[in-house]
Amino acid sequence: MTMKTINVGIYIYEQAEVLDFSGPFEVFSTASRLYQRPGLFNVFLVAETAAPVKARAGYTVLPAYGFEKHPGIDVLVVAGGVHQGEMKKTEVMQWLKHQAQETGLIASVCTGVFLLAQAGIVTRQQVTTHHQDISELKSLFPALEVVENVRWTQSGNILTSAGIAAGIDMSLHLVSELAGSGLAEKTADQMEFFWRKQNNE
């Protein structure tokens, strides 16, 4: 029995960390190629508009969609990066809130959790972020249960990962949850990536 296509939308913005969005993109697109019916995951980048986005170090990418027109999102991944400016954008916060109401799974990589917290999507859940940003997250959002020295956390339908490459581990975990551990293991092998299957490894 084959599964329906799962839309994975990855939110990016100016000065987003490159591997924060490229890592999960590679995981889901590779898993989709390896699945018994190619096309299990439809993974795409979303930004405020469809104009080019300049990520960290001038790495410029073209998102597939802007806020105004994109497919329904089943799995939302919010990249980290220079997040402070994004937290002040009312339109971004409103879009994230709306997606949280419509989306089955919500995940953040690195400092992407700051956007989820600012939007009120995470309030008291267990979360994590890059080790250098733990203290700031605790200070800004003291009600959150911020944990250290883990690769990712999961509270219901919300997952958060530690810094940068940890987003690959979390994405492989999501593939495992959605399509089975066998596909996740094949994906990690294809990527030649050592998958830390437990979040505290």
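The values are calculated or read from the model by the stated rules, or taken from the named source; none is laboratory data. Quick caveat: nothing in here was measured; it's all calculated off a predicted structure. Every residue, glycine as well, gets a Cβ built from its backbone with ideal geometry; the counts of neighbours run over all protein chains shown. Surface accessibility is based on the protein's heavy atoms, side chains included, excluding ligands, DNA and RNA. Shrake-Rupley method; radii C 1.70, N 1.55, O 1.52, S 1.80 Å.
Residues of region 137-171 that are outside any loop (DSSP other than H, G, I, E, B) and among the hydrophobic types (A, V, I, L, M, F, W, C): 137, 140, 146, 152, 158, 159, 166, 168, 170. Taking the listed residues 171, 176, 161, the one that is touching a Lys or Arg at 6+ places or on another chain (Cβ under 7 Å), closer than 21 Å to residue 6 by Cβ and open to solvent by less than 50 Å² (accessible area, probe 1.4 Å) is 161, with no other qualifying. Screening residue 33 with (1) closer than 21 Å to residue 169 by Cβ; (2) out of contact with any Ser or Thr (no Cβ under 6 Å at 6 or more places or on another chain); (3) buried (at least 16 other Cβ atoms within 10 Å of the Cβ); (4) not acidic (Asp, Glu) gives one miss only, at (3). Among the conditions (1) more than 14 Å from the chain's Cα centre (by Cα); (2) over 18 Å from residue 161 (Cα atoms), the only one that residue 119 does not satisfy is (2).
For region 69-87, residues that are touching a Gly at 6+ places or on another chain (Cβ under 9 Å) and either over 18 Å from residue 107 (Cβ atoms) or open to solvent by 60 Å² or more (accessible area, probe 1.4 Å) (or both) total 0.
Selection over region 86-112 of residues that are hydroxyl-bearing (Ser, Thr, Tyr) and in contact with a Ser or Thr (Cβ under 9 Å, 6 or more places away or on another chain) gives a count of 2.
The set of residues in region 160-176 being farther than 13 Å from residue 27 by Cα and at pLDDT 95 or above consists of 160, 161, 162.
Which members of region 179-197 meet the condition of being open to solvent by less than 10 Å² (accessible area, probe 1.4 Å) and either of a type in the set (S, T, N, Q) or closer than 21 Å to residue 4 by Cβ (or both)?
Across region 179-197, the qualifying residues are 184, 187.
Filtered by the rule that a residue be open to solvent by 30 Å² or more (accessible area, probe 1.4 Å), touching a Lys or Arg at 6+ places or on another chain (Cβ under 9 Å) and touching a residue at least 40 places away in the same chain (Cβ under 8 Å), region 38-68 gives a lone residue, 48.
When the test is whether a residue is of a type in the set (Ser, Thr, Tyr) and open to solvent by 20 Å² or more (accessible area, probe 1.4 Å), residue 139 passes it. Here residue 137 fulfils each of the conditions (1) over 16 Å from residue 26 (Cα atoms); (2) in contact (Cβ under 8 Å) with a residue 24 or more places away in the chain; (3) under 17 Å from the mean Cα position of the chain (by Cα) apart from (3). Being open to solvent by 10 Å² or more (accessible area, probe 1.4 Å), in contact (Cβ under 8 Å) with a residue 40 or more places away in the chain and more than 21 Å from residue 30 (Cβ to Cβ): is that true of residue 154 here? Yes, satisfied.
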